[in-house]
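The values are calculated or read from the model by the stated rules, or taken from the named source; none is laboratory data. As the structure is a prediction and not an experimental result, all values here were calculated from the model. Backbone-built Cβ (ideal geometry, glycine too); neighbour counts: all protein chains shown.
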Amino acid sequence: MVESSVNHYERAFENWLISNHIKYTAIDQNKRVAFGKAKIKSFDFILYPNDNLTIMAEVKGRIFKGTTFEKLTSFECWVLADDVEGLVQWQSVFGAEHEVIFVFAYKIENVDVDFDGRQVFDYQSGRYVFFAIRLEEYLKYMKQRSPKWRTVNLAADKFRQCARQLEEILL
């Protein structure tokens, strides 16, 4: 069990990586890199799923309160505009050969949930399901959620279109 990550969502994801033998580096959020005069918001992990691919991942923890995954509804997927802007900057620094993804880690609140064949990961006393959305897809479909809080979001139909289980991208 890994305890180096900041919150339980990141710890659950990190333990999923270990369980699935994915090489990774966790980024220390206390040591954010200054790039020029502006600070670029850091991502959470660098993933090395194979010799030809490097992925920068930003983990977003959310609670799933629904009872079925059948139609992929009731999934919050909002992020801060700063997250998107930071990932776009990191993509330009690392180049197109490096992929950038959001990992949405959903902690399952209800006991009886139909997961519709999706992988569930047990971590400590919680159950988690992970979805990944590629940055370019998020950028393509994101809409402003709250100007005051500087958040953006995907509509439910766009989430269904873009969300992939981690296995599809990493295994």
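Filter the range 56-72 down to the residues that are modelled with pLDDT of 95 or more and among the hydrophobic types (A, V, I, L, M, F, W, C), then identify the one that is nearest to V113 (Cα to Cα).
Ranking the qualifying residues of the range 56-72, first place goes to F64.
Residue-by-condition table, conditions (1) at pLDDT 95 or above; (2) in a strand (DSSP E or B); (3) under 20 Å from L47 (Cα atoms):
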{"residue": "S74", "(1), (2), (3)": "no, no, no"}
{"residue": "V88", "(1), (2), (3)": "yes, no, yes"}
{"residue": "V93", "(1), (2), (3)": "no, no, yes"}
{"residue": "F102", "(1), (2), (3)": "yes, yes, yes"}
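For the range 10-31, does any single residue satisfy the condition of being at pLDDT 95 or above, surrounded by 16 or more Cβ atoms within 10 Å (Cβ to Cβ) and in contact with a His (Cβ under 8 Å, 6 or more places away or on another chain)?
no
Determine whether E137 is among the acidic types (D, E), touching a helix residue (DSSP H, G or I) at 6+ places or on another chain (Cβ under 7 Å) and free of Cβ contacts under 8 Å to residues at least 60 places away in the same chain.
Answer is yes for this residue.
Given the structure, is S125 loosely packed, with under 15 Cβ neighbours inside 10 Å, within 21 Å of S19 (Cβ to Cβ) and small (G, A, S)?
Details: loosely packed, with under 15 Cβ neighbours inside 10 Å: yes; within 21 Å of S19 (Cβ to Cβ): yes; small (G, A, S): yes.
Spelling it out, S125 is indeed loosely packed, with under 15 Cβ neighbours inside 10 Å, within 21 Å of S19 (Cβ to Cβ) and small (G, A, S).
Please work out if E109 is within 14 Å of R134 (Cα to Cα) and either of a type in the set (D, E, K, R) or in contact with a Leu (Cβ under 8 Å, 6 or more places away or on another chain) (or both). Full working, then the answer.
On the way: within 14 Å of R134 (Cα to Cα): no; either of a type in the set (D, E, K, R) or in contact with a Leu (Cβ under 8 Å, 6 or more places away or on another chain) (or both): yes.
So E109 does not fit the description; no.
Looking at (1) in contact (Cβ under 8 Å) with a residue 12 or more places away in the chain; (2) at positive phi, find the lone condition where G117 falls short.
Against the list (1) in contact (Cβ under 8 Å) with a residue 12 or more places away in the chain; (2) at positive phi, G117 comes up short only on (1).
Mind listing just one residue for me: the one in the range 123-171 that is under 15 Å from I55 (Cβ atoms) and not in a helix (DSSP H, G or I) and, of those, modelled with the lowest pLDDT?
Per the criteria, the residue is L171.
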